[in-house]
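Novice: To start, I am sharing the structure in question, which I have written as structure tokens.
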Amino acid sequence: MPVPETFEFFIDAGRCIGCQSCIQACAECDTHKGQSMIQLDYVDRARSTQTLPVVCMHCDSPTCAEVCPADAIKRTEDGVVQTARKPRCIACNNCVLACPFGVPKMNTRMNLMMKCDMCHDRTSVGLKPMCASVCPSQALAFGTREEMAKLRPRSKPVNTFQFGAQTIRTKVNVMVPADAQREFVDVTAAMHEPTIGHEVLDDVFGAEVRA
Amino acid sequence: MSDAHHSSAGEPAAATRAPGLELDMIREFGPFRAYASDVRIDSGVTPDKRVKTHCCFCGQQCGLELKVKDNTIIGIEPWYDFPFNRGMLCPKGVKRYLQQAHPDRLLHAYEKDASRASGFRKLGYEDAVRRVAEAIARIQREHGRDAFAVLSGASLTTEKAYLMGKFAHLCLGTANIDYNGRLCMVSAGAGNKKAFGVDRAANPWSDILGAEVVLVAGANVAECAPITTNYIWQAREHGAKIIVVDPRITPLARTCDLFLPVKPGRDTALFSGILQLMIENDWIDRAFIEAHTVGFDAVAAQVREWTPERTANVTGVAEKTIRQAAEWWGAAKTSFLLHARGIEHHSHGVQNVLSTINIVLASGRIGRPNCGYATITGQANGQGGREHGQKCDQLPGGRDLANPEHRAYVAEIWGMNADELPQPGVDAYEIMRKAERGEIRGLLSICFNPVVSLPDNNFVRAALEKLDFFVAIDFFMSETARYADVVLPGSLQEEDEGTVTQVEGRIVRIQKAVECPGEAREDWRIIQDIAKALGRERGFTFQNPGQIFDELRVASKGGVCDYSGVTYARIEQNFGVFWPCPSETPPGVPETSPQGTLRLFEPGSWNPVAKGTGPFYFPDGRARFNPTPYVGPAEDVDENYPIILTTGRVVSQFLSGNQTRRIGPLVDHYPEPRVEIHPQLALRLGISDGDWTLVESRRGNCTLRASVVKTIRPDTIFIPYHWGGRKSANQLTISAQDPISKIPEFKVCAVRVVKAPGQPEYAALLQPQQ
Amino acid sequence: MNRDVRRSATRGLVASSTLGALIVAGSRNLDHFDAALVAYTFSILFATFGLTYRYSMWLSRPPTALYWRRGWQAFFRRGLLIRHAGQLLSRIGLDVLGNRFIVRRGQLRGLTHLLIMWGCIIAVAITFPLVFGWLHFSPVPGDLTRYEAVVFGFRAFRFPHDSTLAFFLFHGLVWASFLVIAGVMLAMRRRMREGGAAALQRFAEDFMPLVLLFAVSVTGLMLTASYTWMKGYGFTFISILHAVTVIGTFLWLPFGKFFHVFQRPAQLGVGFYKDVGRLEEKAHCRRCGHAFTSRMHVLDLIEVERKLGYRYEIAAGEVEHYQWICPPCRRASFVMAQGLLWRGHRGGSSLPCAEALLPMPTFANRGLGEGPLDSEDAENFHP
Ligand code: SF4
Ligand code: SF4
Ligand code: SF4
């Protein structure tokens, strides 16, 4: 069954607290039990606790599928880009390297690429994906646009991304400020940006102590 | 675990090893890591049933469903309808199912046997109970009733907590019962009682959503109360400003609007300074102060000395930041203040709590929608566990053991003479001191792992070793149970039913999902079996937790924590019931809503203490301002110990780790404790990321790997405390206690830090979780 | 594209006519050809055309074309050929014949696949030569106890008809059917009970092949049963039924899941490509400086992406092409881009980094299965 159109995925990584619930819950999903598909990294743990939760964005024209020499990655009619078909995937790593968002994972021993399929076993029967169900910060959220608009009036969903000269449109949205000028997120422009957080030093010694 | 682990017969007895390195004992009883396997990863298995219950791993009590197949919990499913968390869970909640059907699970009673490498031999359940009863009877006969003490815990259901208090006071007749909430909620509880006359979160969490300013003090919300994050972010989505007070840049603090990197132990100074600025700028609600409080003037006079300059000086927070915080907090129309152990785990924890309450009362923003205050409970039943009489000075319903009226009321329900009720006893740490001095000879502990969780645990170990008889009830062989003469196999949360009261004061239902395995029993049965073996079974013949709850309802009736109107059915129908929820209200007072009392202190509300004179729980109905003279930490830094050590938690572990260190995926998440050090300090000490680092205090030392990060004050290091033995942060901490709440000062002590000469002995011998 | 179609069609024709010619030659001008099997032959000829056509079309896709070429180049790499030949044999043995990687996905899964695969291999090995007239058995004149095998019209060997060999030869198809049926049952069972499989499977893609295999095997067995125990009852009807299922299966070969039988060996080429890549110069991520895959792989991907019409070129700066960014840094760039838009709305600021290159993002969880799935995930991107 296709994933109902009214339900969408909304990501606001700025909310993420790095708790790893998503990692743990992902491994509970029937399609890949015991293995977690979500990607979660520290940008730069030495400087801040910022974490990067990344699920498959389900591109309209998925680079991963196009560079696959084995035709193993299929996009179903509901726009979900499925994980590699097991009989076909030859574990060449192309998708892993070419996905603009860095999503697929490689299971070498099984000769198989595995990636987030938006919990197809759940979403296709009207349930939320595991990660977005449990995420305590709701950095990963799943619901209708209307719900989102009500919950987060100062944000808006955007699903267009710029990588160099390439524009990629996705099924999954990210949340940007409602007053953001542009209707797309320029990924490569932010490529050399360092992590975001507070600096403890500025404030640590009160004025007098510093003097 | 089977006898196969006994292979190493020839090795020396475990006792010769350093603490935590009892290798044979560990080989037999773990902690080992469990991962999902077999039926748990077979996606073709259909569960027999799905049980709607709650997570066992923190005071928020997230609702979830357990999937059960053949008496094994095979996984979880979010419970989307439960309003508090709507399906959200932290990693502990997601993986909690792996604690059940665990290879380390105690299936039998054990007794100490020094001739065996593992230190224990199996014992039939009946024999074990008999041995316990005989030991209790003998010790009480020879050394007096108070020579036998009871330590209980706040992760037990409220029914069990009630039963433990009753067991100590009625069956054993000992004054010495206390619980591990002594390490957790007591400062907040004492502060709340002093200021409001009642000890419960003043508001439901939904009030966070509409707050203009959310102030979080000493609470690593993202890791210790993860679900609360969504409430705070949700407030931010509507424009709320988030202020965080913490010596570390926690994940919540990373993008907060104002970060106050307070020097550990200086919270009272900070809040006094903020109050002073509020008064100076008239950012206070004079009408509210006038109408609903007493004691403001004394407090105003006392904070006058806390000029921004002095505050900055003492707290290490820049003056402009303090001013900004005072302005945001002062000028807000709605607000919510949350605090937790960060300000409470101090030798002046109650003062810290009161200093935050003072800025809440001065703002007048309490008892109204979107205007709130709460402490975040830590343990699973951190709230319910502190209300019904397992605290050393307490009787059910939040009643006082020292109050003659209260004694009479409860004694009657228990069918005893009020004079026979013991007087208040001593706190948990004092119980250890008394044990060490030989005044307490016997101890029963349940749901408590003091060898890991109490400060200065080298002392705790010595105290336990002095006991004539020590019985531990536990489902795993905890670090503390290793010292027991008899270990009785108790029950996991999912093996029993009952209620707990979560962070908001909402009573929720814990459902039984599976049966106890082997000879293990529900804890309340074990307690009743002991009472019976003692020949003192009167009052301990409950057939199920529901009966205990019904007695508790009566016992709490008319008290501050009134549960009399709460039934299991009412809880289930309303997704929980907030106490107070009296079964009847006086004439003219409207009945409590089906959900109970969501928000305390609402204008015009009735309570059994004020009896209509005002919303607060004092005879005059007014809240109290309490002066909070600043006192520094009990052990400040000096030349020999120049660095502050503060301790806390990580998101993947729960308290002493007896459960979570057995859950493989949670261990992988954060395998071993690390010392967080700011790069500036690390540079000075010549320590780089990943180096073995020796941390020494006046009480002990500990070698752990360093984690060099800029997210902590350069004068402070941090170690999480979930591990035992030589990895335990509590080898270093100080047992100084708050004079009122008796909470130990986990959050500040003085240490020195050097690069370790090499790896510690344990590194080659133990797995990370052991 | 048109050119590809034409080329592929030509290749298909060449392949099927070659097979046709071999049939004619191998059966000695159709002398040994069993006319009753002509329908089978034609369906195989068609399948040959279809398979070749599809294979050729598949090879003309930019990524496939490139890796096809690169796979062979890697294999024949000077100095490595001997080692590669050895590896080829062992990989064919372990992965292709032994299904090692499938067994790792699940033991029952592995068993399922082994049963079906070997059942089919045995069946094909027995039937194709017979159908093509390349092999037939004739009674040895004057010796009623023995048969003679005739291969490509040459007398090959003789064997007694009560020998073990005879038993296997004449009942081989029965055994093959049992293997296939057992495998199909296991596969069906998995597809029926596992929630994960249920969510993703499609009838045409996943059930059709199982149904076909099942039908072929069962009708085949019915034939045996009919002439062994039922005195040929319904034999004609069953043989038509059997023919229909077999022919259906052949015609389906180029379209559905069965095509993976022909695609799958590409895995061997990929193995050599990766091996050679490991010896070659590494690509270094132009954000964090860490080595990730081989330089050759990045350059190849850039070429493939260009051919596919992607424009991941970056005009400004030294990165040049987005393919020079390693996956963790891609994730970081993506999230930082979103985070930056919130500057001024949320607290915190960019925390500058003194080094020229940014640090490489690190897995929040290093546990296998929780962070990286396997060694390749762990090593390739997070040394
Ligand atoms: S569950 Fe949510 S908050 Fe936790 S790490 Fe994942 S995305 Fe971040
Ligand atoms: S995000 Fe990556 S893996 Fe997902 S569809 Fe797009 S290219 Fe494929
Ligand atoms: S530990 Fe607390 S926050 Fe985490 S799932 Fe359990 S109750 Fe919820």
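Novice: Past the 25 Å Cα-Cα mark, which pairs from B:K52/B:K166; B:K557/B:K611; A:K150/B:K241?
Specialist: Numbers: B:K52/B:K166 29 Å; B:K557/B:K611 15 Å; A:K150/B:K241 19 Å.
Flagged as over cut-off: B:K52/B:K166.
Novice: Choose one of B:V695, B:T174, B:T613: the residue whose Cα lies farthest towards the positive end of the charge dipole of chain B (beta-carbon charges +1 Lys, Arg; -1 Asp, Glu; about the Cα centre).
Specialist: It is B:V695.
Novice: Using a Cα-Cα cut-off of under 20 Å, which aspartates and glutamates could be cross-linked to B:K320, ignoring same-chain neighbours fewer than 8 residues away?
Specialist: A:E199, A:D202, A:D203, A:E208, B:D246, B:D257, B:D267, B:E280, B:D282, B:E305, B:E309
Novice: Taking +1 at the Cβ of each Lys and Arg and -1 at the Cβ of each Asp and Glu, which of B:G330, B:L277, B:V353 sits farthest along the dipole of segment B:202-375 towards its positive end, judged by Cα position relative to the Cα centre?
Specialist: Value: B:V353.
Novice: Count, for each residue of A:160-166, the Cβ atoms from other chains sitting within 10 Å of its Cβ, then give me the mean as a whole number. Could the numbers behind the result be given before it?
Specialist: Working: counts 0, 3, 1, 12, 13, 7, 8.
Across A:160-166, the average partner-chain Cβ count within 10 Å equals 6.
Novice: Give, as ranges by residue number, the residues of segment B:658-689 whose backbone N falls under 15 Å from the point 7 Å along Cα→Cβ of C:R366.
Specialist: Flagged as within label range: B:667-675, B:689.
Novice: Can you tell me the order of B:272-279, B:166-173, C:183-190 when each peptide is scored by its average per-residue count of other Cβ atoms within 10 angstrom, highest first?
Specialist: Packing order, densest peptide first, comes out as B:272-279, B:166-173, C:183-190.
Novice: Further question: For a paramagnetic label modelled at 7 Å from the Cα of C:L97 toward its Cβ, which residues of segment C:160-189 fall within the zone defined by backbone nitrogen distances under 19 Å?
Specialist: Within reach of a label on C:L97, which here means backbone N under 19 Å from a point 7 Å along Cα→Cβ, segment C:160-189 contributes C:176.
Novice: Suppose the Debye formula is applied to equal point scatterers at every Cα of chain C; what is log10 I(q)/I(0) at q = 0.07 Å⁻¹?
Specialist: -0.49
Novice: How much mean residue ellipticity at 222 nm does the protein assembly as shown get from its helices, if each DSSP H run of length 4 or more adds -39500 (n - 2.57) and you divide by all residues, to the nearest 500 deg cm²/dmol?
Specialist: Here the helix-only value at 222 nm equals -10500 deg cm²/dmol.
Novice: Starting from 0 in steps of 10 Å, tell me what percent of the Cα-Cα pairs of the protein assembly as shown lands in each bin.
Specialist: 2, 8, 15, 19, 18, 14, 10, 7, 4, 2, 1, 0, 0
Novice: Enter the mean number of other protein chain beta carbons within 10 Å of the beta carbon of each residue in C:311-317, as an integer.
Specialist: 5
Novice: Taking R0 as 35 Å, what FRET efficiency do you get between B:R121 and B:A402 from their Cβ-Cβ distance, rounded to the nearest 0.05?
Specialist: 0.20
Novice: Measure off 7 Å from each Cα along the Cα-to-Cβ vector at C:L81 and B:N544, then give the distance between these two points in nanometres to one decimal.
Specialist: The answer from the label model is 8.1 nm.
Novice: Hey, another quick one. Using a Förster distance of 30 angstrom, determine the FRET efficiency expected from the C-beta separation of C:R202 and C:E281, and round it to 0.05.
Specialist: The computed FRET efficiency comes out at 0.10.
Novice: Ok, one more. What order, most packed first, do the peptides C:73-80, B:492-499 have when packing is the mean number of other Cβ atoms within 10 Å of each residue?
Specialist: Highest mean packing first, the order is B:492-499, C:73-80.
Novice: While we're on this one: Taking the Cα centre of segment C:111-220 as origin and charging only Cβ (+1 Lys, Arg; -1 Asp, Glu), how large is the dipole, in debye to the nearest 20?
Specialist: 220 debye
Novice: Now for a separate question. Please give the FRET efficiency for B:R145 paired with A:R154, using the beta carbon to beta carbon distance and R0 = 51 Å, rounded to the nearest 0.05.
Specialist: 0.20
Novice: Let a ≥ b ≥ c be the square roots of the eigenvalues of the Cα gyration tensor of segment C:1-142; is it rounded (a/c under 1.5), or, if not, prolate (a/b larger than b/c) or oblate? Intermediate values should be presented prior to the final figure.
Specialist: Details: a/c = 1.92, a/b = 1.30, b/c = 1.48.
Since a/c reaches 1.5 but b/c is at least a/b, the shape of segment C:1-142 is classed as oblate.
Novice: While we're here: Quick one: pull the percentage of alpha-carbon pairs in segment B:551-615 with a separation above 14 Å.
Specialist: Value for segment B:551-615 (Cα pairs over 14 Å): 54 percent.
Novice: Let me ask you something else. Kindly flag which residue pairs out of B:K95/C:K257; A:K105/B:K755; B:K194/B:K333; B:K160/B:K263; A:K105/B:K92 have an alpha-carbon separation exceeding 32 Å in this structure.
Specialist: Details: B:K95/C:K257 37 Å; A:K105/B:K755 38 Å; B:K194/B:K333 26 Å; B:K160/B:K263 39 Å; A:K105/B:K92 25 Å.
Cα-Cα > 32 Å for B:K95/C:K257; A:K105/B:K755; B:K160/B:K263; rest within.
Novice: Then there's this: Hey, got the dipole for segment A:8-210? About the Cα centre, +1 on K and R Cβ, -1 on D and E Cβ, debye to the nearest 20?
Specialist: Here segment A:8-210 has a charge dipole of around 600 debye.
Novice: Quote the convex hull volume per residue of chain B, based on C-alpha atoms, as a whole number of Å³.
Specialist: 147 Å³
Novice: Residues of segment B:448-464 with amide nitrogen under 11 Å from the 7 Å Cα-to-Cβ point of B:K112?
Specialist: B:464
Novice: Considering the Cα positions of segment A:8-210, please state its Rg to one decimal place and its Dmax as a whole number of Å.
Specialist: Taking only Cα atoms of segment A:8-210, I get Rg and Dmax of 18.3, 69 Å.
Novice: Counting only other chains, what is the mean number of Cβ atoms within 10 angstrom of the Cβ of each residue in peptide A:79-85?
Specialist: Taking the mean over all residues of the peptide, I get 1.
Novice: Once Rh is set to the Kirkwood radius over Cα pairs, what Stokes-Einstein translational diffusion coefficient, in µm²/s, holds for segment C:109-172 at a temperature of 37 °C and a viscosity of 0.692 mPa s?
Specialist: After rounding, the answer is 251 µm²/s.
Novice: Also, I was wondering about something else. Per residue of segment B:138-147, what does 6.51 cos²θ - 1.76 cosθ + 1.60 with θ = phi - 60° give for ³J(HN,Hα)? Whole Hz please, x for Gly and Pro, Karplus curve as stated.
Specialist: Whole-Hz 3J(HN,Hα) from phi for segment B:138-147: 5, 4, 5, 5, 7, 10, x, 4, 6, 6.
Novice: What per residue convex hull volume, in Å³, do the alpha-carbon atoms of segment C:1-83 yield?
Specialist: Per residue, the Cα convex hull of segment C:1-83 comes to 131 Å³.
Novice: Quick one: if you stick a label point 7 Å off each Cα along the C-beta vector at C:W229 and B:Y80, how many nm between them?
Specialist: 5.3 nm
Novice: Same structure again: Helix check for chain C. Which DSSP H runs span at least 18 Å along their own axis by Cα, with a mean Kyte-Doolittle hydropathy no less than 0.0?
Specialist: C:2-26, C:38-60, C:107-131, C:164-193, C:208-229, C:235-252, C:266-279, C:327-341
Novice: Can you pull the one-decimal nm distance between simple spin-label points at C:E318 and C:A156, each 7 Å off the Cα toward Cβ?
Specialist: Modelled inter-label distance: 6.6 nm.
Novice: Once you charge only the Cβ atoms, +1 for Lys and Arg and -1 for Asp and Glu, what is the size of the charge dipole of the protein assembly as shown about its Cα centre, to the nearest 20 debye?
Specialist: 3800 debye
Novice: Sorted by mean Cβ packing within 10 Å, highest first, what order do the peptides B:604-610, C:153-159 take?
Specialist: B:604-610, C:153-159
Coordinate-derived values only; no laboratory data. From a predicted model like this one, the values you see are computed outputs, not experimental measurements. So basically every Cβ, Gly included, is an ideal-geometry build from the backbone, and we count neighbours across all protein chains shown.
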